[in-house]
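Only one structure is covered here, and it is reproduced in the block below.
Quick note: the coordinates plus some simple rules give every number you see, no bench work behind them. Keep in mind that this is a model prediction, so the values were computed, not measured. Cβ placement follows ideal geometry from the backbone for every residue including glycine, while neighbour counts extend to all protein chains displayed.
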Amino acid sequence: MSVPLVEIAPGYRVSRLIKGGWQTIGRGNDAIDDLLEFVRAGVTTFETADTYDGGEALMGALRGAARRLLPRELADWIKIHTRYTGPMSGTRPTPRDVADSVDRSLRDLGVERIDLLQMQWWNLEVPGLVETGLVLADLRAQGKVGLLGVCNLGVAQLEQLRDAGVPIATNQVLYSAIDRRAERKMVEYCRAHDIALLTFAPLAGGFLSELWRDAGDPVTSRAPYGKEYRALIEAGGGWPAFQRLLDAFAAVADRRDRSIASVALRWVLQCGPGQAVLFGASTPDRLPGALAVFDYALDDEDLATIDAAALIASPLDVGEIERAPDSVIMRAIRTHLD
Ligand SMILES: NC(=O)c1ccc[n+]([C@@H]2O[C@H](COP(=O)([O-])OP(=O)(O)OC[C@H]3O[C@@H](n4cnc5c(N)ncnc54)[C@H](OP(=O)(O)O)[C@@H]3O)[C@@H](O)[C@H]2O)c1
């Protein structure tokens, strides 16, 4: 297998690269052949969410197709991670709401137990984070959930959940060269409490690639772009600072005869705090580029070149920029969840 496996909890191993589900939202079973290519290449762990339209059913179909079409020893490695998403407004969900949501996920995934269920709770003003964590812990005790994780929660929320006795195995957080907040206190906290970090968006949604080098700022040029990631670039010093960072990646890419995207992904795998990394790809055409990151390592000179162009380090914890009430990210999330 060309993608290493990593143990993120006792006895639970995932592929170091996890295929994100964002790019297959809305795709039906026509995506199965593409997804099987990822499995054949050793990307055996997949991410979806209760809010990804049709995403869990697609993953259920993938597992069935893999059992029929792939060797058993490969199909058996498949792990599927999904989410329980708390409300963006209003009152706390009742235990029944939460249990019904988990039952829907089980049915759509076609399993009796979810490998890893991650609680996503964007709006901390909605009450019930800890109570919902306890309901999920109870569903885990009933055998419906293998591991319980969270997404985008800071140290303060992890502490509340742990204090209440919610067994948190993972936290899924943003991490890339444009957003290094997880390096601040999250990595240390997770290490101290045996919580695995799964980091997502190593290419900042595609910004860390040749596509955006020497390109005009999409805010003014109106080219399509990920507003969430552009907001993080702004927090890190803006478009000119980002172009200097891309220049640094390009210098390393030239030296190594690789692409900027390859170096950006390699950098996250080599220097980032995540035990595994979720990456987005619409088709298997992205696989050769992604797999090539396991053939080489960045050396001290490469790392110094990239560090010298680092964006402004945010003093905030993971999730805090996103959660500002007027943030473009909260607006994007609301639109998506609506
Ligand atoms: N928990 C959360 O709150 C949360 C939020 C966002 C995302 N996620 C998860 O994290 C996963 C990864 O996030 P992401 O997809 O936004 O970020 P990403 O992995 O940084 O970026 C993926 C995008 O980069 C593009 N790309 C890949 N290689 C490229 C190259 N060589 N040149 C130019 N563009 C390239 C891909 O384009 P193509 O589409 O053309 O292949 C894809 O759209 C998602 O799929 C999702 O599962 C979680």
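Things worth noting here:
- Longest site-free stretch - the chain; sites: GluC sites (Glu not before Pro), DSSP loop, at most 10 other Cβ within 10 Å: 126-338
- For the chain, DSSP calls about 15 percent of its internal beta bridges antiparallel.
- Sum of side-chain charges, Val14 neighbourhood, beta-carbon under 12 Å (Lys, Arg +1; Asp, Glu -1): +1
- Annotation: for a label point projected 7 angstrom from Cα along Cα→Cβ of Ser282, residues of the range 186-210 with backbone N closer than 13 Å are 206.
- With a Förster radius of 30 Å applied to the beta-carbon distance between Glu112 and Arg92, the computed FRET efficiency rounds to 0.65.
- Candidates per trypsin sites (Lys or Arg not before Pro) in the range 176-274, loop by DSSP, up to 10 other Cβ within 10 Å: Arg222
- Shape of the range 1-79, Cα gyration tensor, a/c cut at 1.5: oblate
- Gained length - Leu211 relative to Arg255, 0.36 nm times residue gap less alpha-carbon distance: 13.9 nm
- When the helices of the chain are scored as -39500 (n - 2.57) per DSSP H run of n ≥ 4 and the total is divided over every residue, the value at 222 nm lands at -12000 deg cm²/dmol.
- Helices in the chain that qualify as membrane-span-like (whole DSSP H runs, Cα extent of at least 24 Å along the helix axis, mean Kyte-Doolittle hydropathy of -0.5 or higher) are 239-256.
- Largest GNM mean-square fluctuation among Gly216, Gly11, Gly146, using the chain with Cα springs under 10 Å: Gly11.
- Comparing Ala235, Ala304, Ala61 in a Gaussian network model of the chain where C-alpha atoms under 10 Å apart are linked, the largest mean-square fluctuation is found at Ala304.
- Three-way shape call for the range 197-271 based on the alpha-carbon gyration tensor, with the a/c threshold at 1.5: oblate
- Proportion of all alpha-carbon pairs of the chain beyond 31 Å (%): 30 percent
- Between the range 80-155 and the range 278-338, the Cα center-to-center distance that results, in Å: 25 Å
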